[in-house]
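Novice: Supplied in structure tokens, the structure appears directly below.
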Amino acid sequence: MATAVGTDVETLRNHVGGRWVEVKATETVEVRNPATDEPLARVPLSGAGDVAAAVTAAAAAFPAWRATPPQERTRPLFALRQLLVEHQEELARLIVTEMGKTLADARGEVQRGIDNVETACGTPSLMMGYGLEDGASRGIDEEVVFQPLGVFAAITPFNFPFMIAFWFWPYAVACGNTFVLKPSEQDPIVMRRVFELIEEAGFPPGVMNLVHGGKEAVNALLDHPTVKGISFVGASKTAAYVYERGARSGKRVQASGGAKNAIVVMPDANMDAYLSTMMNSFYGAAGQRCLANSLVLPVGEAHGPARERVAEAARALKLGDGLEPGVDLGPVVSAGARDRIFAAIGAGVAEGAEAVLDGRDAHVPERPKGYFVGPTLLDGVRPGTAAYREEIFGPVVGMSPVASLDEAIGLINAAEYGNAASIFTESGAAARRFRYEVETGNIGINVGVAAPVSAFPFSGAKRSFFGTLHPQGRDAVRFFTESKVVITRWTTGDRGPITGVGR
Ligand code: NAD
């Protein structure tokens, strides 16, 4: 809920043109520790003027940055990589404190961000063009160069407050663009620390800018004529809106949306070997991952054992403050998210599913004010119901038994989302059919969380991704550059052959 400024916790500032600046807009929202309900900071909701200041600073930094040789442009990234490694633990603890996931999970998140910095350090090779002598015709050469475009912006979600920004900005700036980042207003504190490290790493002022805010800041970025492109990650409804509004003002847009990922458990699945990867995908980060598998489609006789094994393992999960050792499942991000998830569990039961485990009963005596939802397993979730169809984004798994692999693939392909799907089987033929026919961007074969590493595109399809080029790796380099084709012909005319040029 937005309120006026004026409490005892610190109000964050934007980072514009290499300086920390007060936000002119006066509305703020509170960031709270989800494990304790303690206030941590207030986030200002930047208005169009605050956004314009950041875009202007980025635009001013562009000409000199673009003219800096690519090899030199990546040097601050190498320096930043080192700083991130040195501060990995501090950054991970910040993530836990404002977002709620466990420390182990947060360490992994920071590592995945660092991975992207490392991949972006290869940009001088990744953004090279290509050419062909006599490519256009005899004596006419043709080549393509990849050029930066100017100012890009990213709008990121709460669930990976560190990593997701790194899917974009290291590639964008290594390609010679300048950047404005708008993190989620729910957990923006870690980015403040990242920007301190960015400064220390030696990026020139204005190359990287930070703007706090919500919808108004997003609209200002989408409408600003100087911003050339937008990278977005968040819910599908927001992604569709961002894609449409950004495109309307002539920008290139890549927008990743929500998900409802299924895993298919075949009767020959090796549950002993793979139960832990399944559990990680169901309940890791309290189900608040776009790659969380929240739907299980057990095939035939796989149903009984899958239900038993998952329920047994889920009962053993320790719920608590993510900073405490031994905790498997932290709180969800906000009291509002908890209430929404409770309502979704209730709706699932009302629709006829059986609550094998009901997370609404969760108690963490040491953290009585935390926003906890226990691991939940709803069996008999029927296709077409809300619990089957809708993204709950909490530690809630629906099980929907099917008769065959055909039926499972048909159901997955009929869904509106297309982020990821996994199959657990010992059959190469079943796995091949799955990867061949399933219409999701990411596929796991005996892998619970099919998360592409930094050199690969973080894919997605249907309402899970709007656009063409995905985050990370080569796709990112292409998204942040324009291909320019140069066709060249020289003629010696009537002046005769060229002299003084030896062969
Ligand atoms: P969200 O859509 O509420 O917010 C994402 C960003 O959009 C935030 O920065 C927010 O300030 C802004 N925003 C929110 N509502 C807006 C509006 N009406 N107009 C303009 N801007 C708006 O998403 P969230 O709750 O922060 O994140 C969770 C969602 O993100 C889930 O649906 C999850 O699946 C998805 N997600 C997807 C991927 C992926 O790769 N596909 C990765 C991570 C998260």
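The values are calculated or read from the model by the stated rules, or taken from the named source; none is laboratory data. It should be emphasised that the depicted structure is a prediction, and the values quoted were computed from it without experimental measurement. Backbone-built Cβ (ideal geometry, glycine too); neighbour counts: all protein chains shown. The accessibility values were calculated without ligands, DNA or RNA, using every heavy atom of the protein model including side chains. Shrake-Rupley method; radii C 1.70, N 1.55, O 1.52, S 1.80 Å.
Novice: Quick one: which of ILE423, ILE392 is of a type in the set (A, V, I, L, M) and more than 21 Å from GLY304 (Cβ to Cβ)?
Specialist: None of the other options fit; the residue is ILE392.
Novice: Can you pull out the residues in segment 169-201 that are β-branched (Val, Ile, Thr) and either closer than 21 Å to ARG73 by Cα or outside any helix (DSSP H, G or I) (or both)?
Specialist: Within segment 169-201, VAL173, THR178, VAL180, VAL194, ILE198 meet the criteria.
Novice: Determine whether PRO471 is within 10 Å of the ligand (Cβ to nearest atom), over 18 Å from SER294 (Cβ atoms) and not hydrophobic (A, V, I, L, M, F, W, C).
Specialist: Criteria met by PRO471.
Novice: Filter segment 115-137 for residues that are hydrophobic (A, V, I, L, M, F, W, C) and open to solvent by less than 30 Å² (accessible area, probe 1.4 Å) and give the result.
Specialist: Correct list: VAL117, ALA120, CYS121, MET127.
Novice: Which condition breaks for ALA217 when tested against (1) touching a Gly at 6+ places or on another chain (Cβ under 8 Å); (2) away from the ligand (no atom under 11 Å from the Cβ); (3) in a helix (DSSP H, G or I); (4) open to solvent by less than 10 Å² (accessible area, probe 1.4 Å)?
Specialist: Condition not satisfied by ALA217: (2).
Novice: Can you tell which of ALA415, ALA476 is open to solvent by 10 Å² or more (accessible area, probe 1.4 Å) and at pLDDT 95 or above?
Specialist: Sole residue among the options that is open to solvent by 10 Å² or more (accessible area, probe 1.4 Å) and at pLDDT 95 or above: ALA415.
Novice: Provide a single number: the residues in segment 148-166 that are out of contact with any helix residue (DSSP H, G or I) (no Cβ under 8 Å at 6 or more places or on another chain) and open to solvent by 10 Å² or more (accessible area, probe 1.4 Å).
Specialist: 1
Novice: Sticking with this structure for a sec: Which residues, counting only those in segment 376-411, are surrounded by 24 or more Cβ atoms within 10 Å (Cβ to Cβ) and among the aromatic types (Phe, Trp, Tyr)?
Specialist: The one that is surrounded by 24 or more Cβ atoms within 10 Å (Cβ to Cβ) and among the aromatic types (Phe, Trp, Tyr): PHE393.
Novice: Which is charged (D, E, K, R), at pLDDT 95 or above and touching a strand residue (DSSP E or B) at 6+ places or on another chain (Cβ under 9 Å), of GLU98, GLU86?
Specialist: The match here is GLU98.
Novice: Next question, about the same structure. Just give me the residues in segment 155-168 being within 10 Å of the ligand (Cβ to nearest atom), not β-branched (Val, Ile, Thr) and not in a helix (DSSP H, G or I), in sequence order.
Specialist: Within segment 155-168, PRO157, PHE158, ASN159, PHE160, PRO161 qualify.
Novice: Could you go through segment 96-114 and let me know if any residue there is out of contact with any helix residue (DSSP H, G or I) (no Cβ under 8 Å at 6 or more places or on another chain), in the same structural domain as VAL207 (by TED's automatic domain parsing) and crowded, with 16+ Cβ neighbours inside 10 Å.
Specialist: Within segment 96-114, one or more residues are out of contact with any helix residue (DSSP H, G or I) (no Cβ under 8 Å at 6 or more places or on another chain), in the same structural domain as VAL207 (by TED's automatic domain parsing) and crowded, with 16+ Cβ neighbours inside 10 Å.
Novice: Within segment 241-261, work out how many residues are near the ligand (Cβ under 10 Å from one of its atoms), in contact with a Gly (Cβ under 7 Å, 6 or more places away or on another chain) and open to solvent by 10 Å² or more (accessible area, probe 1.4 Å).
Specialist: 1
Novice: Let me ask something additional. In segment 287-345, how many are of a type in the set (Lys, Arg), under 20 Å from ASP37 (Cβ atoms) and crowded, with 22+ Cβ neighbours inside 10 Å?
Specialist: Final tally of qualifying residues: 1.
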